[in-house]
Every structure is written in structure tokens, then in C-alpha cells.
Amino acid sequence: MTYEEVIFYVVAAVTVIGGLGVVLSRNIVHSALFLILSLLAVAGVFVLLAAEFLAIVQVLIYGGAVTILILFAMMLTRVRDLPTQVDGPQKPVAFLVAGAFLGTSILAVTSTTWPGQTDKIHVISFQELGNVLFRNWAIPFEVASLVLMVALIGAIILARAEEGE
Amino acid sequence: MIPLNNFLVLSTILFSLGMYGVLARRSAVMILMSVELMLQAVSINFIAFAVYLSPEQFTGLIFAIFVITVAAAEVGLALAIILRLYRNKATANVDEADTMKW
């Protein structure tokens, strides 16, 4: 086992432990903290895939903005007495469905041979990425910024207190 | 060199965890967090395929950037909707938002 693989298994284990914490923890704040752990570990996975830019964006946007927003949502919608039942009555069915999905997907993934697989990871430089993003994908990029603006305006209008509230 | 399958299996596990969370949880905020886990799994998949199968084009990498953008917009909007739900029903529990249930 090379050192690369050792690092991968460590990072993957942290990711999965974080994910388990998110879905199994009974305390909603603990869930959010596990989510941060998992998201940072995913940034590590991106580094192993030689996608440094994505790793940086991951830490900035997920590790920073998204988790803060989720913690805000928790703070603003706090119910006085914590609900004793955090999972609905559909929990066993959910477990079955997710387990079945996991089993079939892993079976499908491991029994497929992917064509044209490279045997050396080519590090994609920031310059290359920027070139492709702003030349070949310029219109989707602009549409993405429009989506962000529309979401922002929509969020403000939705969350604004109406008169008499 | 880590085999491609390792990344795919990791992303499958993460996606299943998110799926379980979405189906089992009652709080809207918890469902939102589980959706984030699923989006992470999708990003890992996109990037792994881009790096291993088409390193010259890396379209998957571009897609992962868009996934992150849309996820940011989604979290903002979801927060606004949860706030509105909380203001109308005094709860963030999705089971109680059943006005349109037939």
C-alpha cells in the first residue's frame, strides 16, 4: 500500500464518520458539526484527485458560508423543548431503501471496467481551468451568476417579515 | 495511484448516507444537511471521472463548480423557506407542513 492510499483511506474514513454523524446524531447542532468535518474531509479527497481549485472552493464555500447558513437556520427555528423523536416513523423503510441503493450501486461500480482510464493523474492548473471555464463554458457561467442573484432576491422576499407579523 | 473504484465507492457510501438522512429525518434543517451530503457525493463522482477518464477535457470539474454554485443558491433559498415555515407553523418539522396533502 502506497502512502497515497493510506492518506486516501484516512480521509475517506473521516468523510464517512462525518456523514454517519450527520444522519445518526440525535442533537441537531452535533449534526452540523459532523457536517463540517465531513465537508472538510471531502476537500481532502479533492486534493487527492489533484483538483486543488475545487478543494479551496470547497473549504471557502462549504466550510464557511454553507455551514454558517445552516447554523443560522437552526438558531432561528429553535423549538423550545428539543423534540425527543428526531426521526420519523418511516425510519426502517429509509434504512432499507438506502441500504438497497448502497448494495446495488457498489455491486455495479465494482463489476464495471471503465474504458480509457489513464494511469497517471494529470494535475489541472488554475490557468487551464480558467481558460476552459471562461472560453468554452462562458454562457453557463453567466447563467450561474444569474441563478445566484435570483436565489438571493427570492430568499430576501421569502424571509422578509410582512406587515403585522 | 489510487484506483478509480475507491473514489466511486466512497461517493456511493456518502450518497446512501444522505439518502437515508433525507428519508428518515423530520427536521427540515436536518434534511437540508443530508442533501448537502448527497451533493458532495455527486461532486466527488464528477471530479473522479473527469480526472481519470477525460483528463484533457475535464468537463466533470466544470460541472462540480456549477454543483457548488447551485448548492450555495439552494441553501440560501431553503433557509428562507424554513424561516417562513417556522413563522407560519412555529415548527421546522416537515411532517407538520401538510396543508397541501390530499
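Taken together, the values in this text are just the output of simple stated rules run on the coordinates, not laboratory data. Since the model is a prediction, treat every value here as computed from it, not as a measurement. When we count neighbours, we look across all protein chains shown, and the Cβ atoms used for this are built from the backbone with ideal geometry, even at glycine.
Observations
- Each principal axis of the stretch A:59-158 carries a Cα extent, and these read 53, 43, 22 Å when sorted largest first.
- Among A:133, A:152, A:54, the residue with the largest mean-square fluctuation in a Gaussian network model of chain A, with springs joining Cα atoms closer than 10 Å, is A:152.
- D_trans [Stokes-Einstein, Kirkwood Rh over alpha-carbon pairs] for the stretch A:25-66, 10 °C, 1.306 mPa s, µm² s⁻¹: 151 µm²/s
- Adding -39500 (n - 2.57) for every DSSP H run of four residues or longer, then dividing by how many residues chain B holds, sets the calculated 222 nm ellipticity at -27000 deg cm²/dmol.
- Nearest-0.05 FRET efficiency for residue A:104 and residue B:88, computed from C-beta distance (R0 45 Å): 0.70
- Extended-chain gain in nm, criterion 0.36 nm per residue less alpha-carbon gap, residue A:120 and residue A:145: 5.6 nm
- Chain B, relative contact order in percent, only Cα pairs under 8 angstrom and at least six apart counted: 26 percent
- The stretch A:40-74 versus the stretch B:25-102: alpha-carbon centroid distance in Å: 14 Å
- Spin-label model, residue B:56 to residue B:6: label points 7 Å out along the Cα-to-beta-carbon direction sit 2.8 nm apart.
- Taking a straight line from the alpha carbon of residue B:89, these lysines sit under 22 Å away, with near neighbours fewer than eight places off in the same chain left out: B:101.
- Prolate/oblate/rounded label for the protein assembly as shown (Cα gyration tensor, a/c 1.5): oblate
- Taking label positions 7 Å along the Cα-Cβ direction at both residue A:30 and residue A:158, the computed distance is 2.9 nm, reported to one decimal.
- Shape of the stretch B:41-102, Cα gyration tensor, a/c cut at 1.5: prolate
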